[in-house]
């Protein structure tokens, strides 16, 4: 697929969307940092979005990926495999026989770092959109 | 003989189309939280000939005494289609705000291009009409 004038905009928009999804997942992890009950039983498990690169123009009639430019797609949202944190709280309703409560494997500091990364990545994407726009407007000014 | 405004007409159509598309995209943004909403987009349709084939919205005259119905604006400039390629959220809403914003921005620049070309074309005519004395 030949790259159009506004392909960069489409690519950047897919990145913005993906980062927005990441932000949702982080918010969910932070909100459930102390959730001990879930539908599947056991404590809440930290979620991680998995991003996949999709060649621009895939699914159209032209052969995909020949220009090497890719969109981002959120492939799935996976559960973190780390063990839950065991905290000794005998009075807690969800404590086991030894008095330990299984709290989610969410590390709040880690989530905050991810949150900063996500918002900076979003800013970078928005800046690239702005820059595509200003390039187009500069082109419009040629010969004036 | 070449019509004075023959160059303007395609630009006129382009401006119409991009304005129309802006409205469609703005409506998608307005529905960013509507459950089950699938965003729409406007595809450019070439000329009035293919318009008849794709979408016939013009009123048919069934009696000679009837006034000729004017086709609606949408009919002449584009064809509306659903665009669910962004993927749905939990509420089956397919609108991606970022995608729509990017489309809006690109569409606006295209509108500016057409408008700039039309302006310069008209300025040339005005220059010629003024015996090339300048503005």
Q. Rounded to the nearest 500, what is chain A's calculated 222 nm mean residue ellipticity when only DSSP H runs of at least 4 contribute -39500 (n - 2.57) each, over all residues?
A. -15000 deg cm²/dmol
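Between residue A:85 and residue B:81, what's the calculated FRET efficiency when r is the beta-carbon distance and R0 is 41 Å? Round to 0.05. Present the calculation step by step, with values, prior to reporting the outcome.
On the way: r = 50 Å, r/R0 = 1.22.
The computed FRET efficiency comes out at 0.25.
Can you give the relative contact order of chain A as a percent, counting alpha carbon pairs under 8 Å and 6+ residues apart? Mind showing how you got there, number by number?
Working: 204 pairs, mean separation 44.7, N = 144.
Over chain A, the number comes to 31 percent.
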Q) In nm, to one decimal, how far is the modelled label at residue A:31 from the one at residue B:119, with both set 7 Å along Cα→Cβ? A) 4.7
Q: Note the angle between two axes, namely the Cα long axis of helix A:108-141 and the longest principal axis of the Cα atoms of chain A, as a number of degrees from 0 to 90, rounded to the nearest 10.
A: 10
Q. So for the pair residue B:88, residue B:32, with labels modelled 7 Å out along Cα→Cβ, what separation do we get in nm?
A. 2.1
**Q.** Simple label model, 7 Å out from Cα along Cβ direction - residue A:107 to residue B:19, nm
**A.** 5.8
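Each reported figure results from applying straightforward, stated rules to the coordinates on display, with no laboratory input. Remember, predicted model here, so these are calculated numbers, not experimental data. Cβ: placed from backbone, ideal geometry, glycine included. Neighbour counts: every protein chain shown.
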